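The values are calculated or read from the model by the stated rules, or taken from the named source; none is laboratory data. All values derive from a computational prediction rather than experimental measurement. Quick note on the areas: whole protein, heavy atoms, side chains included, nothing else; ligands and nucleic acids left out. Shrake-Rupley method; radii C 1.70, N 1.55, O 1.52, S 1.80 Å.
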Amino acid sequence: MPPKLKAKSSKKKKAKKSKAGTGSLEEQFRKATLEVDVLQDHLALQRQVTRQAQQRKYELHGKLQELHEDIQDERDEKQAIYNEMTRRHWDLEQQSSARIQNLEEEVAELKLQLNDSHEAYQLLSEESLRTAIEKETEIEELKKQVENMETEYEQILHSSLDRILAKLTVTGQQWEKESITIHQQYKHMLQDCGLNPLDI
């Protein structure tokens, strides 16, 4: 802007000089009017550029305000997310600590139960071994008793069979004698009746 003012003042000086010169007054007025029109057009252009610049400034200011608001919203959202994640992390730590404590207590209790079970198993194993030895001894004794009983029953059976055979032999001989006697009696009876026993 200042250079244009200088140009304007120099033009005025030239106009003053031209007044002193040979040019007519109308021509000088026409030139001055033309310069005024040019300057007014230039001023109007400058105003339009200034208005556009101000409009652009307002638009940029609005966008800048929106960006600030977006940034603030983003910060608030990030802060809310951070707070939520911090709360969840704290809750998870509390739950993990409680779970670890419960598991440690459970492990300790299971160790005690395992120790008791191991002792019970040792006692049961010893009792089972002792019972097995007693059972084996009892089985051996029962086997000996069975063998003795088998021997006795075998002797009893042989003696009984011998007595039965002796009785059967005696009885067979008696039956044989009786059958012969009966046979002779029937033979004589048939002969007395006039029948031949060999034909019957």
Exercise. Sequence neighbours fewer than 8 away in the same chain don't count; with that in mind, list the aspartates and glutamates whose C-alpha is under 13 Å from K187.
Key: D199
Self-check item: Percent carbon-and-sulfur accessible area, the chain, ignoring ligands, DNA and RNA, probe 1.4 Å
Solution: 58 percent
Exercise. Mind checking which aspartates and glutamates have their Cα closer than 20 Å to the Cα of K144? Skip sequence neighbours fewer than 8 apart in that chain.
Key: E134, E136, E152, E154
Quiz prompt | Per residue solvent-accessible surface (Å²) - the chain, probe of 1.4 Å | solution = 94 Å²
Quiz item: On full extension of the chain, what length is gained from E66 through L195, given 0.36 nm per residue of separation minus the C-alpha to C-alpha distance?
Solution: 30.8 nm
Quiz prompt | Separation of alpha-carbon centers, region 93-121 and region 139-200, rounded to whole Å | solution = 84 Å
Practice problem: Among (1) 159, 36, 12; (2) 56, 21, 11; (3) 31, 24, 14, find the value of semi-axes √(5λ) of the Cα gyration tensor in Å that was calculated from the structure presented, and write down its label. | Solution: (1)
